[in-house]
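Student: Please find one structure pasted underneath; my questions will follow.
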Amino acid sequence: MNVRALQIFLSLATALLLPAVPARGALSTGNTYSISFVDLDGNKLSTADGYVTIVVLTTSADREQARTVGDHVPDFCLGNPVYRMITVIHFARRHMAIGRRMATALIRHRVREEAKRLQVRYDAQKISRDAKSDIFVVTDFDGTIASQLGQAAGATDFSVFVFGQTGELLAQWHSVPSADQLAAAVKKSD
């Protein structure tokens, strides 16, 4: 076999085999992941701490997509202590301490606005609970959490993950899942 034929063979073999192999660091459905977070309010959270957890990895530019995911969360999850949604806001650029404080203040303001929107859904469902207590937002200024969620360094891809109570990855998307897709994934935990 000459060198050119070997190069073509290796190129074809690589092209055929690589799509079946997850990208380095990518999460695989069915595997268990224990990823820890601390939200803006200091709550310690994990993908494997007994909750069915929807994790939205987003940037501040994609906040409308994150809002849409929240709108697609099934009503049976609202106010239910078995389920929760965590929004991880990933910042691709480095921020100095003052920039982090300003970004965090802006995010806290947006969380209060989202709590008002969610409270309307709670009231309509007759859920007598403060919606704000069910909103979990995590800032990822250094990319640590994004990398644990399979994001390549410097990437800013939008992703949605559903983890079972023990951290098993039930589903993942790189766009906004439909309400039916999200409900089906959450029900897999039953």
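The values are calculated or read from the model by the stated rules, or taken from the named source; none is laboratory data. Note that the structure is predicted; figures quoted are calculated from it, not measured. Ideal geometry is used to build each Cβ from the backbone, glycine not excepted, and the neighbour counts take in all protein chains shown. Remember, those area values only see protein heavy atoms, side chains included, never the ligands or the DNA or RNA. Shrake-Rupley method; radii C 1.70, N 1.55, O 1.52, S 1.80 Å.
Student: Go through the stretch 82-131 and give me each residue that's of a type outside the set (D, E, K, R), in a helix (DSSP H, G or I), open to solvent by 70 Å² or more (accessible area, probe 1.4 Å) and over 27 Å from residue 149 (Cα atoms).
Tutor: If we filter the stretch 82-131 for residues that are of a type outside the set (D, E, K, R), which is where we start, we get 82-83, 85-92, 95-99, 102-107, 109, 111, 115, 118-120, 122, 124-125, 127-128, 131.
Within this subset, residues satisfying the condition of being in a helix (DSSP H, G or I) are 97-99, 102-107, 109, 111, 115, 118-120, 122, 124, 131.
Those left that are additionally open to solvent by 70 Å² or more (accessible area, probe 1.4 Å): 98, 102, 106, 109, 120, 124.
Passing the criteria: 120, 124.
Student: Still on this structure, please answer the following. Please go through the stretch 140-162 and pick out each residue that is buried (at least 20 other Cβ atoms within 10 Å of the Cβ) and under 14 Å from residue 62 (Cα atoms).
Tutor: Here is the first cut: in the stretch 140-162, the residues buried (at least 20 other Cβ atoms within 10 Å of the Cβ) are 140, 145-146, 149-151, 159-162.
Matches in the stretch 140-162: 159, 160.
Student: Condition (residue is modelled with pLDDT under 95, surrounded by 13 or more Cβ atoms within 10 Å (Cβ to Cβ), under 14 Å from the mean Cα position of the chain (by Cα) and of a type in the set (D, E, K, R)) applied to the stretch 46-63: is it met by at least one residue?
Tutor: There is at least one residue in the stretch 46-63 that is modelled with pLDDT under 95, surrounded by 13 or more Cβ atoms within 10 Å (Cβ to Cβ), under 14 Å from the mean Cα position of the chain (by Cα) and of a type in the set (D, E, K, R).
Student: Go through the stretch 137-190 and give me each residue that's of a type in the set (Phe, Trp, Tyr), farther than 14 Å from residue 34 by Cα and in a strand (DSSP E or B).
Tutor: Of all residues in the stretch 137-190, those of a type in the set (Phe, Trp, Tyr) come to 141, 158, 161, 163, 173.
Right, trim to farther than 14 Å from residue 34 by Cα and you get 141, 158, 173.
173, the sole residue that qualifies.
Student: Now for a separate question. Could you please give the count of residues in the stretch 174-188 that are open to solvent by 40 Å² or more (accessible area, probe 1.4 Å) and either on the phi > 0 side of the Ramachandran plot or in contact with a strand residue (DSSP E or B) (Cβ under 6 Å, 6 or more places away or on another chain) (or both)?
Tutor: In the first step, residues of the stretch 174-188 are kept if they are open to solvent by 40 Å² or more (accessible area, probe 1.4 Å); the result is 174-176, 178-181, 184, 187-188.
Imposing the further condition that a residue be either on the phi > 0 side of the Ramachandran plot or in contact with a strand residue (DSSP E or B) (Cβ under 6 Å, 6 or more places away or on another chain) (or both) reduces the set to 174, 188.
Qualifying residue count, the stretch 174-188: 2.
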